[in-house]
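Reviewing the structure listed below.
The values are calculated or read from the model by the stated rules, or taken from the named source; none is laboratory data. It should be emphasised that the depicted structure is a prediction, and the values quoted were computed from it without experimental measurement. With ideal geometry, Cβ positions are generated from the backbone for all residues, glycine too; neighbour counts draw on all protein chains shown. For the accessible areas, the whole protein counts, side chains as well, though only heavy atoms, and no ligand, DNA or RNA atoms are used. Shrake-Rupley method; radii C 1.70, N 1.55, O 1.52, S 1.80 Å.
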Amino acid sequence: MAHAIIFVDRAPRTRELDLTSLHYTHFAGAAKIASELRKDGKDVLIVPNCMNLSFAGIKQIIENNKENLLWVGLSTTLMGMRVTEQDREEYYNIWTKSSDAIIDIDFLVKKVDDSLTTDVILWNTKALGRISHMLASSYSVPFIIGGAAVGSLDTTGPLVHPNMHVVQNYAESYTKELNQALSSNPRKDVPYLVNNSVYDNTEFKDSQIYWADTDFIESDDWLPIEVARGCAFNCAYCNYPRRGEFESYRHAESMREELIRNYEKYGVTKYMLVDDLYNDSKDKVRYLYDHVWSRLPFKPEWTSFMRLDMFWSDPESADIIKASGARYGGFGIETLHDQAGKKIGKGLGRKRILETLAMLKESWGDQVLVGANMIAGLPFEPIESIYESIDWTMTTDLIHGSTWQHLTMVPPDNLKILSNSKLQPEPKNRIDSDFDKFGVKWLDEKNWINSVGVTNAMAIEAVQRYKPNNPWSGRFNQYLYADIRSAGVTHEQIANVRTGGLTTENIDSSLALTKHRISKRLNKLLNLKV
């Protein structure tokens, strides 16, 4: 039996069918919710890669685990995808009509449209309504939808089913209270929408993720582990609600206990750190090394977000982070243009950016890889500077790879749409809050121009022209690094990606392995009765 079932997935983000479009991974958000319920003696089934399941497959999993079932959930955080409504409809038709439990979604990769500015959940309102109706009519349990992408849902249309319920922001305490309420009264009316923007920070610092046998953990997996919530900085383009928060990282004893348990039970030594910025504090970097990473009975490997200017002000932390087990750092460099960088909160400047990267290259070599995340279309940056930065990311040996995206902003007219929605809009970033201050003018409801003549269309075109000599060097970030490592690709192959470290044969072999692992896990879940 299962008291709760949580479906979760990560949508393709590139137009190429390769290791960056298919993901065999484990999800921190769903696992954290499951852990809180498992501590209370509840059985929770997590179903990753749910977009590969047809409606028939979803129903089969629910039917097999209907005894004592209290609710079914969907975690949308990484399910946002840039596709047209027509492409969503094509997927819906396949999803609805297929008699096979598992469907082939390779065709979706080609549908990714970089010219679109908003992500949508592939399961459209009709799909969510179909699941909601099935759960209400056949099992009398609510459908709880949460995660960061719920903001893309149409909550006012006629297709919204009354059994579809939404929880925004943090869901640990909500689902725990929901379980307790439904356990005593299965017919209890569930609120349509819950906005839970607060959590107990003291409780978080001692919390852990507890994996179960039904999660099918293997020793080669890269598991997520929460390290901190919140970021000490407040970059102008960032919508993250917990900006400017300090000292929000976990207690060492709690982290160490979780890491050792996973090692002793599953043999796992590799991790994706769920931390918005690992080195946002000098004290934090040293505390975690002294009390966590240096006190483990194994040699850890991990990936995380990092910030370049913190290494410029604290060079010693480079060696500490290397000794802690870092293997890949995702750096939001965003731009080499001095004025643009300063205006958005990345004021290191071109000269010091290059100096700091050179310092990291000397300290880390190829032991810790550096990925640069860049943005085209930032306020005050002319198009010539954007193309100069693109050329730099394709030729420099100071980084191992880079990703480019165009700046997205919320048009003023969207506030009218949000006011009619029952959902709580995401906190606006500093650019969206004051377009005049950042020199942005809206030409119409979709198109903008900045103070130096760059339009959103020009920014999109610049990103589309970004073609590194080896296309693989343009597809890595800290999460994708972990994904492809779990698919059999070595650290050394990734380190040498620009010089042919990954061959077509390597890629095809690893892609086949990823598909096999996804299918194998889904088949286990389809035949599982908890």
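Residues in segment 154-212 that are modelled with pLDDT of 60 or more, of a type in the set (A, V, I, L, M) and open to solvent by 20 Å² or more (accessible area, probe 1.4 Å): Val160, Ala181, Val194, Ala212.
Output the residue which, of all residues in segment 228-255 that are crowded, with 17+ Cβ neighbours inside 10 Å and among the basic types (Lys, Arg), is farthest from Lys437 (Cα to Cα). Selected residue: Arg250. The residue list Leu277, Leu259, Leu308 contains one member that is out of contact with any helix residue (DSSP H, G or I) (no Cβ under 8 Å at 6 or more places or on another chain), at pLDDT 95 or above and aliphatic (A, V, I, L, M), which is Leu259. For segment 328-347, the count of residues that are among the β-branched types (Val, Ile, Thr), touching a residue at least 24 places away in the same chain (Cβ under 8 Å), touching a Phe, Trp or Tyr at 6+ places or on another chain (Cβ under 8 Å) and under 25 Å from Gly267 (Cα atoms) is zero.
Comparison of Thr84, Thr96, Thr76, Thr118 shows that the only residue that is more than 17 Å from Leu525 (Cα to Cα) and in contact with a Gly (Cβ under 7 Å, 6 or more places away or on another chain) is Thr76. Here segment 386-401 is the region considered, the condition is being within 25 Å of the chain's Cα centre (by Cα) and not in a helix (DSSP H, G or I), and the residue that is surrounded by the fewest Cβ atoms within 10 Å (Cβ to Cβ) is Ile399.
Just so you know, in segment 79-131 the residues that are of a type in the set (Gly, Ala, Ser) and either in contact (Cβ under 8 Å) with a residue 60 or more places away in the chain or open to solvent by 60 Å² or more (accessible area, probe 1.4 Å) (or both) include one that is nearest to Gly151 (Cα to Cα), and it is Gly80. In segment 243-354, counting only helices (runs of 4 or more DSSP H) that sit wholly within it, the ones holding 3 or more residues that are over 24 Å from the mean Cα position of the chain (by Cα) and not hydroxyl-bearing (Ser, Thr, Tyr) span 252-266, 282-291, 316-324, 338-344. Within segment 461-472, restricting attention to residues that are closer than 20 Å to Thr118 by Cβ and open to solvent by 20 Å² or more (accessible area, probe 1.4 Å), the residue that is modelled with the lowest pLDDT is Gln464.
Please tell me if Ser313 is open to solvent by less than 60 Å² (accessible area, probe 1.4 Å), closer than 26 Å to Lys342 by Cβ, at pLDDT 95 or above and of a type outside the set (A, V, I, L, M, F, W, C).
Yes.
Note on segment 39-78: among residues that are more than 30 Å from Glu258 (Cβ to Cβ) and either surrounded by 23 or more Cβ atoms within 10 Å (Cβ to Cβ) or of a type in the set (Gly, Ala, Ser) (or both), the one that is farthest from the chain's Cα centre (by Cα) is Ala56.
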